[in-house]
Amino acid sequence: MSGLDLSFDSSDLKRVERAWSEIPDTIRDELSSATWEAEMLLLRAIKEDTPVGATSVLRESIYADVPVVNHESVSGIVGSSALHAMAVELGTKPHFPPLDPLVDWVQAKLDIKNQEEAESVALSIARKIAARGTEGQKMFQNNFHELRPSVEQLYKKAHHNITEALAHG
């Protein structure tokens with residue numbers, strides 16, 4: 001009777017086991033990195049396209065949050081904390097706006113220093129807004145659309161890096 005002698009090197013199995021245990025970290029790191037890079041790309045472009053009124057409050061209010069990764073998704077946020085951000089982004093229906101911010105805008109942007117003249121111009125602008133509303137600047141929407149291919153490339157690179165990590169553990 002002849003016997004069968006089987007032997008194998010378990011180091012390969014241990015390498016595979018180690019690679020599989022490290023893959024969740026690799027996936028998290030790659031997706032976090034791609035998301036953060038996408039946020040920074042969008043943040044810069046959106047800020048550049050954000051109109052500066054009498055102050056740069058709106059532009060300075062735009063931020064990116066650190067990406068959040070859980071077991072099912074990764075998410076990032078580029079947004080604004082300014083109350084008037086949505087009105088600037090989307091525009092407004094006809095309404096009569098508050099005059100004080102318009103007076104400040106007239107003085108800063110049109111360089112009208114005389115208070116009475118600035119108030120008169122601001123009132124004219126307010127009447128026009130009351131009749132027509134305001135046009136949206138779409139600084140978020142336009143940049144999300146324009147930069148989508150670049151953002152997709154960031155995630156394709158992350159996918160490639162994850163695949164490489166799986167293949168070469």
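Tabulated values for the structure
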{"item": "Whichever residue in segment 46-103 is over 23 Å from VAL151 (Cβ atoms) and charged (D, E, K, R) and, among such residues, is modelled with the lowest pLDDT", "result": "ASP100"}
{"item": "Output for segment 90-99, where each listed residue is open to solvent by less than 90 Å² (accessible area, probe 1.4 Å) and aliphatic (A, V, I, L, M)", "result": "LEU99"}
{"item": "Residue in segment 130-141 that is open to solvent by 60 Å² or more (accessible area, probe 1.4 Å) and more than 31 Å from the chain's Cα centre (by Cα) present", "result": "yes"}
{"item": "Residue tally, condition in contact (Cβ under 8 Å) with a residue 24 or more places away in the chain, surrounded by fewer than 15 Cβ atoms within 10 Å (Cβ to Cβ) and hydrophobic (A, V, I, L, M, F, W, C), over segment 58-89", "result": "2"}
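The values are calculated or read from the model by the stated rules, or taken from the named source; none is laboratory data. As the structure is a prediction and not an experimental result, all values here were calculated from the model. Counting neighbours? That spans all protein chains shown, and the Cβs are built from the backbone with ideal geometry, glycine included. Please note that ligands, DNA and RNA were not included when accessible areas were found on the heavy atoms of the full protein model with its side chains. Shrake-Rupley method; radii C 1.70, N 1.55, O 1.52, S 1.80 Å.
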